[in-house]
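J.: Encoded as structure tokens, here's the structure I'll be asking about.
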């Protein structure tokens with residue numbers, strides 16, 4: 001799995017275009033959720049890897065996001081759900097870059113298709129080496145966000 | 001769907017559907033990708049089946065094969081280019097006999113032993129750090145059962 005800092009940056013960079021800071025935070029939290037759900041099932045509930053695979057599917061992300069959005073207040077629940085789901089789908093897209101010998105880095109179409117999908121650009125263990133690049137992208141995104149804020153003022 | 005009405009029922013339904021999805025997916029995947037340990041327990045049933053094994057530690061190696069550890073003991077993998085002992089590999093391998101598979105594809109991960117813990121460490125710090133940073137955007141009100149926005 002790519003580290004969650006890479007996932008954070010992948011969601012936070014487009015997040016500069018979201019004005020509501022709470023929705024922006026939910027977009028980033030949404031990108032954490034598939035791994036938190038998967039590792040929770042695997043480590044805490046002691047399930048097999050195949051049981052948690054659906055946490056990295058489009059449908060699984062929708063259900064996790066809906067469950068999570070019920071914990072935020074009613075007035076922002078709908079946009080919160082959309083932000084959480086968008087974050088989860090960004091997570092799946094980022095995971096697809098991993099190389100897994102053609103077996104697929106995740107199965108986004110479960111339960112309709114169990115076929116694994118991958119783009120296969122990078123050894124999953126080497127994603128951690130992208131952190132300096134991630135940090136540079138995050139810094140650029142935060143700078144851009146400040147400029148937008150100044151222009152709007 | 002997004003109102004507070006019947007909140008607990010909605011949460012239970014979402015959780016139930018998620019469990020159903022995970023269970024259904026598990027059944028599909030277990031049939032498509034059975035556990036490699038079955039090669040040791042029932043070799044004839046799985047002869048010719050290609051298994052995918054990710055992040056496996058090499059416990060022994062010789063000129064024509066190497067071994068990985070499993071919950072039912074070591075499995076032997078035949079290959080003309082065995083990786084060094086203690087390295088971590090991802091493999092596609094075809095079952096050819098009792099506790100024996102033939103490697104179809106092999107990938108050796110460099111630095112797995114330090115990169116994986118670093119990945120987990122960074123991930124845990126990222127989640128804790130980010131939630132700490134955005135905590136002021138929300139108010140935690142467990143007595144009401146929801147996290148409320150501050151604005």
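J.: Name the single residue that is surrounded by the most Cβ atoms within 10 Å (Cβ to Cβ) among those in segment A:58-96 being at the interface with chain B (Cβ under 7 Å from one of its Cβ atoms) and not in a helix (DSSP H, G or I).
T.: A:72
J.: With the requirement that a residue be within 25 Å of residue A:127 (Cα to Cα), in contact with a helix residue (DSSP H, G or I) (Cβ under 9 Å, 6 or more places away or on another chain) and surrounded by 13 or more Cβ atoms within 10 Å (Cβ to Cβ), what does segment B:97-119 give you?
T.: Those that are within 25 Å of residue A:127 (Cα to Cα), in contact with a helix residue (DSSP H, G or I) (Cβ under 9 Å, 6 or more places away or on another chain) and surrounded by 13 or more Cβ atoms within 10 Å (Cβ to Cβ): B:109, B:111, B:112, B:115, B:116, B:118, B:119.
J.: When residue A:39 is evaluated against the numbered criteria (1) within 18 Å of the chain's Cα centre (by Cα); (2) surrounded by 21 or more Cβ atoms within 10 Å (Cβ to Cβ); (3) at the interface with chain B (Cβ under 10 Å from one of its Cβ atoms); (4) closer than 18 Å to residue B:25 by Cβ, which criterion, by number, is the only one it fails?
T.: Only one criterion in (1) within 18 Å of the chain's Cα centre (by Cα); (2) surrounded by 21 or more Cβ atoms within 10 Å (Cβ to Cβ); (3) at the interface with chain B (Cβ under 10 Å from one of its Cβ atoms); (4) closer than 18 Å to residue B:25 by Cβ is unmet by residue A:39, namely (2).
J.: Something else: Test residue B:81 against the stated conditions and say whether it is loosely packed, with under 14 Cβ neighbours inside 10 Å, in contact with a strand residue (DSSP E or B) (Cβ under 8 Å, 6 or more places away or on another chain) and within 28 Å of residue A:127 (Cα to Cα).
T.: Yes: the conditions hold for residue B:81.
J.: Would you check which residues across segment A:10-37 are without any contact (Cβ under 8 Å) to a residue 40 or more places away in the chain and in a helix (DSSP H, G or I) and list them?
T.: Scanning segment A:10-37 gives A:21, A:25, A:36, A:37.
J.: Follow-up. Can you name every residue in segment A:97-121 that is surrounded by 15 or more Cβ atoms within 10 Å (Cβ to Cβ), more than 8 Å from every other protein chain (Cβ to nearest Cβ), over 14 Å from residue A:7 (Cα atoms) and in contact (Cβ under 8 Å) with a residue 24 or more places away in the chain?
T.: If the condition is that a residue be surrounded by 15 or more Cβ atoms within 10 Å (Cβ to Cβ), more than 8 Å from every other protein chain (Cβ to nearest Cβ), over 14 Å from residue A:7 (Cα atoms) and in contact (Cβ under 8 Å) with a residue 24 or more places away in the chain, then A:106, A:108 are the ones that fit.
J.: Here is a further query. Exactly one of these conditions fails for residue A:101: (1) part of a loop (DSSP other than H, G, I, E, B); (2) modelled with pLDDT of 90 or more. Give me its number.
T.: (2)
The values are calculated or read from the model by the stated rules, or taken from the named source; none is laboratory data. Since this is a predicted model, take the numbers as computed values, not measurements. Here Cβ is always computed from backbone atoms with ideal geometry, including for glycine, and neighbour counts include all displayed protein chains.
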